[in-house]
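Below: one structure, written as structure tokens.
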Amino acid sequence: MAAAPAQHFPPRTPGPARLVVLVSGSGTNLQALIDAVADPAYGAGIIAVGADRDGIAGLERAGKAGLPTFVHRVKDFRDRADWDRALTASVAEYQPDLVVTAGFMKILGPEFVAAFAGRIVNTHPALLPSFPGAHGVTDALAYGVRVTGCTVHLVDSGVDTGPIIAQGVVEVTDADHADGGEALHERIKTVERKLLVDVVGRLAREGHRIEDRKVWIPA
Ligand code: GRF
């Protein structure tokens with residue numbers, strides 16, 4: 001089968017890349033991005049934060065930073081397709097260059113993925129393609145791996161199956177089995193926040209190319 005043609009995503013010029021960040025929880029990855037964009041040299045600005053639930057620390061962090069927010073709860077819609085359509089419309093209003101799902105615990109629907117194809121960046125707390133899904137940390141621990149970590153990747157129509165951009169490695173210790181993975185997840189998140197900030201900044205400043213499942217960011 002012939003390889004698909006390369007897809008090019010040049011950096012946004014002029015001005016900082018526009019980021020919409022989607023969250024579901026504590027939002028420490030969002031906070032890392034909020035801190036990073038304070039430096040004009042970073043090359044990106046957060047223009048809005050969206051969530052799939054109310055009352056989360058992630059939305060509080062956005063509020064404190066003075067960022068516009070929106071919430072779409074699946075249960076308020078007739079079905080998943082309607083929810084996906086509303087989420088797509090809300091994000092599209094902000095005309096983002098990149099959408100970052102930072103601990104967003106919903107699978108994005110086909111309309112959303114098509115609207116922002118090649119420009120949705122997700123962070124996952126395991127070394128993909130191992131341990132995709134909502135329980136990456138505990139699945140890796142239960143399997144008995146000795147190293148795990150995090151993966152920053154582009155989102156496609158599958159669950160954590162899109163092209164990998166960067167990965168960070170974290171060692172599993174014997175003690176990690178005692179607390180069900182909480183301490184391990186915290187160590188992963190320390191690596192994850194740094195990696196996400198680094199990758200998003202590079203994508204914003206340099207653009208990227210997707211070719212044969214590989215993501216190339218000009219040096
Ligand atoms: C991260 O480890 C992310 O990969 C996972 O959930 C965690 C979110 O953390 N899906 P936070 O909300 O950014 O603190």
Restricting to the chain, what percent of DSSP beta bridges are antiparallel, rounded to 5? 50 percent
Surface accessible to a 1.4 Å probe, per residue, for the residues of the chain, Å²: 49 Å²
Summarise the long-distance tail of P(r) for the stretch 16-116 by giving the % of C-alpha pairs beyond 22 Å. 24 percent
Expressed as a percent, the accessible surface of the stretch 100-219 that is carbon or sulfur, using a 1.4 Å probe and the full set of protein chains, is 56 percent
Here the stretch 200-216 yields Karplus 3J(HN,Hα) values (6.51, -1.76, 1.60; θ = phi - 60°; whole Hz; Gly and Pro given as x) of 4, x, 5, 4, 5, 7, 10, x, 7, 9, 10, 9, 6, 6, 9, 10, 10
Largest-first ranking of R12, R61 by accessible area, probe 1.4 Å, whole protein assembly kept, is R12, R61
Rough spin-label spacing in nm, given labels placed 7 Å along Cα→Cβ, for V191 and K75: 3.6 nm
If one computes the Cα centroid of the stretch 173-212 and of the stretch 4-37, what distance in Å separates the two points? 15 Å
Contour minus Cα-Cα distance for D212 and A117 (0.36 nm per residue): 32.7 nm
Could you work out the equivalent-ellipsoid semi-axes for the chain, taking the square root of 5 times each eigenvalue of the Cα gyration tensor, largest first, in whole Å? 25, 21, 19
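The values are calculated or read from the model by the stated rules, or taken from the named source; none is laboratory data. Small disclaimer: the values here were computed from a predicted structure and weren't measured. Positions of Cβ are generated from backbone atoms using ideal geometry, with glycine treated the same way; all protein chains shown enter the neighbour counts. With ligands, DNA and RNA removed, areas are computed over all heavy atoms of the protein, side chains included. Shrake-Rupley method; radii C 1.70, N 1.55, O 1.52, S 1.80 Å.
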